[in-house]
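No value in this document is a laboratory result; all are computed from the given coordinates. This structure is a prediction, so every number in the text was calculated from the model and none was measured.
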Amino acid sequence: MRSRSSAAGSRSERAVDAGRRRAAAAVGLVAALPGLAFAGAQQYEPLADAVRNALAAAIADPRPPVRSFDDIDERVAFIEWLGAMSERLKPKKADYQTRIEFLRTLDYECARAGLDRQMVLGLIQVESNFRKYAISSAGARGYMQVMPFWTRIIGDGDARKLFDMRANLRYGCVILRHYLDIERGDLFRALGRYNGSLGRPEYPNAVLAAWKRHWDYVPKTRPRA
């Protein structure tokens with residue numbers, strides 16, 4: 001017969017294991033329900049004229065979303081990334097050309113805003129599950145769930161454009177860059193601002209989990225230093 005201390009220790013270990021399983025299940029549930037469990041919205045905040053003008057200029061930039069590459073290694077690395085991400089995105093977007101156009105535009109807008117494109121893919125999964133016409137209970141729209149008030153502040157006032165793929169990705173990336181600048185590079189807090197849940201861990205944790213679980217990427221070809 002085992003001693004009482006041994007039995008108590010076993011019960012304690014089982015409780016810890018059960019807790020770990022529940023935590024893992026919770027992470028799995030978060031991954032399985034993107035865009036549903038974290039409904040939120042960017043909050044309107046008064047902007048200084050200089051900030052508003054800079055954001056408006058970023059939104060209005062007419063240049064086409066085409067990346068230029070300094071050398072062949074950069075181009076090869078991009079093509080490899082494009083192929084790998086296209087395969088991962090296939091369950092969400094069946095049409096090949098639609099996937100490629102989406103990924104090329106996302107890559108361009110992330111590079112333009114200085115954002116990690118893998119992180120932004122994780123954010124989009126949580127926000128809309130890659131649904132172009134997603135609308136949240138708060139009224140946020142499109143892939144990156146942008147609130148319509150942004151079109152009045154830094155755009156032309158046409159909120160319908162938030163259902164346009166390129167416009168939505170541009171707004172989303174510009175806004176997230178703005179929040180990162182406010183938070184001096186603190187991604188966790190910037191994500192909280194993006195979701196309208198600053199100070200709460202659920203949304204930033206969900207984005208980071210989606211990023212690492214589904215969109216983490218190690219390039220085969222590395223551009224020359």
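Some notes on this structure:
- What separates the Cα centres of region 129-168 and region 190-215 is a distance of 19 Å.
- Taking every Cα-Cα distance in region 149-225 and sorting them into 5 Å bins from zero, the calculated P(r) comes out as 3, 14, 16, 18, 19, 17, 8, 4, 1 percent.
- Shape descriptor for region 33-215: Rg over Rh equals 0.94 (Cα atoms; Rh from the Kirkwood inverse mean 1/r).
- Prolate/oblate/rounded call for region 180-225, Cα gyration tensor, a/c under 1.5 rounded: oblate
- 5 angstrom amide H check on residue 146, placed H, neighbours 5+ away: 141
- Size-normalised alpha-carbon gyration radius of region 52-109, reference 2.2 N^0.38 Å: 1.36
- Look at the alpha carbon pairs under 8 Å that are at least 6 residues apart: their mean separation over the length of region 33-215 gives a relative contact order of 29 percent.
- In sequence order, region 160-165 has phi-based couplings of 5, 5, 5, 8, 7, 4 Hz under the Karplus curve 6.51 cos²θ - 1.76 cosθ + 1.60, θ = phi - 60°, and Gly or Pro positions carry x.
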